[in-house]
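No lab work stands behind these numbers, since they all come straight from the coordinates. These figures come from a predicted structure and were not determined experimentally. Here Cβ is always computed from backbone atoms with ideal geometry, including for glycine, and neighbour counts include all displayed protein chains.
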Amino acid sequence: MATIQQTPQGPVLVLKESALQQKGRDAQQNNIAAAKLVAELIRTSLGPRGLDKMLVDSLGDVTITNDGATILKEIDIQHPAAKMMVEISKALDNEVGDGTTSSVVFAGALLTKAEELLKKGVHSSVVIEGYQAAAEKALSIYESIARTVKADDATTLMKVATTSMQSKLISDDSDTLSGMVVEAVLKVASKEGDGYTVDLDNVKVEKKAGGSLQNSKLVGGIVLDKEIVHSGMPTKISGARIALLNAALEIEKTEMSSEIRITDPAQMQLYLEEESRMLKGMVEKLKEAGANVLICQKGIDDIAQHYLAKNGMLAVRRVKESDMTKLAKATGGRVISNVEDLSAEDLGSAELAYQEKVEADKWVFIEGCSNPQSVTLLLRGGTQRVVDEADRSIHDALMVVKDVIEKPAIVAGGGAPEAYVSTRLKDWADSFDGRQQLAIKKYAEALEVIPLTIAENAGMNPIDTIANLRAQHSQGLKWTGIDAKSGKIGNMLERDVVEPLAVKEQIVKSSTETACMVLRIDDVIAVSGAPGGDATPPMG
């Protein structure tokens, strides 16, 4: 507690009575300890032999995963420095999709190594400078060893997707699923100048428990998890002309409260008939435009359903807005807000619209779209937990394939590039004099934590493995890494274990920046929120 400052004139109160303050080494050690604990928490889930975590939330919902970003998102972390580690994984997940566990483990290792230097009396500014210089050098080494590939080379993209899935629950089915992932991404990739851009919003992932992962399939169009609204409607339409409506096909109630006085039963009949006539008019309008499929974002009145069925139209209601947007893209249609404005030009087209039973539910499939730049991956799995984890793994795989298409450069996996960069950094550190050299060497040691952890999680002897790895890399065998499946070290390129350069670069940038930010903090002041409320949770 350091809220009172003694002066010759008497005590001066600077902070609130309830404020907590930690200064200097105490604050630094506390923050480093919290960040290291987060890294330790997910360390065992790194690599192909990494283990899963079971997370149970306050409502009792269970999540089983080994995805670093998901683990850290689900657990409620209180410590402010630990929250910074969570942010690394979030940033990586959004930016490149994979490498979330590696980045947090690496940031934890950087802080562990920095702590050793701080205890020896090296100033944190020197450590930060050394780390930043080492990160720049590491990025240039990555750049120099990366292999340039063709952006649309399906074979390489398959290897990248398979490598991403190797550390996940779906690794046994990675051959089938990686083919679907690559096909899906290549379909939505658009060429711009010399390069490509990929909008993954155009790849819709629908998941349904039942069957097995082998039953998953790629649909060249959109799958709607809704059923046809009326039993009298056709369940299959070829040459679909699709009207996309984001208004209700109902008679709207007036905003103001009004009253209609009816003095004669015949007037009541006229009133009801008028409502029916208005709905019939709306359906006629759709028919005139040439629509035979109606996708509606809002509700459809029972009477309107009757007229739609009578006209042989297939209708789906209460479709999500995101699905409406995807449908508009895929079918070339336009989402309209008023039936009166509908014309033939607003309609989208697809070869086939049909309803199919998926497990216990009926879903509507729209396939063979005029612009197939929107596709759906339909994921199946034994249980809901399996399907949820498969969904997270597919997200990572889609992202890494996108990374390679947008930046066509790859490096080997299995900790090979980290071990190689570590060896090169140690040699480079010798050209520095003073304490900065120590920081660069510590950075190089921290990089080795990635192959070390992969080996540990595979049940290999970490000390022997790292010694062998260093020996191979000092001979210039830069693609030698940990083959966790066989429990040996070997050439990872020959084993088709490859990762995008973009992921490796992002790991170095994010982890170094976060570690440096934690090291810069020398004072933590926690002030309570509400007047008279408790201070924020303790720093420990």
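The table that follows gives values for the structure above.
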| quantity | calculated |
| --- | --- |
| DSSP bridge orientation in region 221-371 - percent antiparallel, rounded to nearest 5 | 65 |
| Cα pair distances in region 221-371, grouped into 5 Å bins until the bin that holds the longest one, percent each | 2, 10, 19, 22, 19, 11, 7, 5, 4, 2, 1, 0 |
| Stretchable slack from Asp194 to Asp341, in nm (0.36 nm times residue separation minus alpha-carbon distance) | 48.8 nm |
| Coarse-grained scattering of region 9-105 at q = 0.14 Å⁻¹, given as base-10 log I(q)/I(0) from a Debye sum over alpha-carbon atoms | -0.61 |
| Straight-distance crosslink candidates among lysines, where the alpha carbon sits under 23 Å from Lys478 and sequence neighbours closer than 8 are dropped | Lys137, Lys150, Lys159, Lys407, Lys426, Lys441, Lys442, Lys488, Lys504, Lys509 |
| Cα centroid separation, region 12-83 to region 117-158 (Å) | 25 |
| DSSP-defined beta bridges in the chain - what % are antiparallel, rounded to 5 | 75 |
| Nearby lysines by direct alpha-carbon distance to Lys357 (threshold 24 angstrom, same-chain neighbours under 8 apart not counted) | Lys204, Lys207, Lys208, Lys217, Lys226, Lys236, Lys298, Lys310, Lys320, Lys326 |
| In nm, spacing of pseudo-spin labels at Glu406 and Thr383 (7 Å Cα→C-beta vector) | 3.6 |
| Gain upon complete extension [Ser238, Asp433; 0.36 nm per residue less C-alpha separation] | 62.7 nm |
| The chain - mean residue ellipticity at 222 nm from DSSP helices (-39,500 (n - 2.57) per run, n ≥ 4, rounded to 500) | -15000 deg cm²/dmol |
| Label-point separation in nm, Ile463 to Ala360, each point 7 Å along Cα→Cβ | 5.6 |
| Cα centroid of region 437-504 to Cα centroid of region 320-377, whole Å | 48 |
| Cα-based equivalent ellipsoid, region 142-209: semi-axes from gyration tensor eigenvalues, Å | 23, 18, 10 |
| Ranked list, fewest to most other Cβ atoms within 10 Å of each Cβ, for Ser257, Ser140, Ser102 | Ser257, Ser140, Ser102 |
| Relative contact order [Cα under 8 Å, 6+ residues apart], region 221-371, whole percent | 40 |
| Arg277 paired with Gln29, simple spin-label distance in nm, labels 7 Å along Cα-to-beta-carbon | 8.7 |
| Region 425-487 - percent relative contact order, Cα under 8 Å, separation 6 or more | 26 |
| Expected-Rg normalisation [2.2 N^0.38 Å, Cα atoms] applied to region 398-519 | 1.10 |
| The chain, relative contact order [Cα under 8 Å, separation at least 6], % | 26 |
| √(5λ) per eigenvalue of the Cα gyration tensor, the chain, largest first, Å | 55, 33, 19 |
| Sorted by Cβ density within 10 Å, fewest first, the residues Ile300, Ile525 | Ile525, Ile300 |
| Approximate shape of region 86-162 as ellipsoid semi-axes (Cα gyration tensor, √5λ), whole Å, largest first | 32, 16, 9 |
| Pairwise FRET efficiency - Asp391 versus Met268, Cβ, R0 = 41 Å, nearest 0.05 | 0.15 |
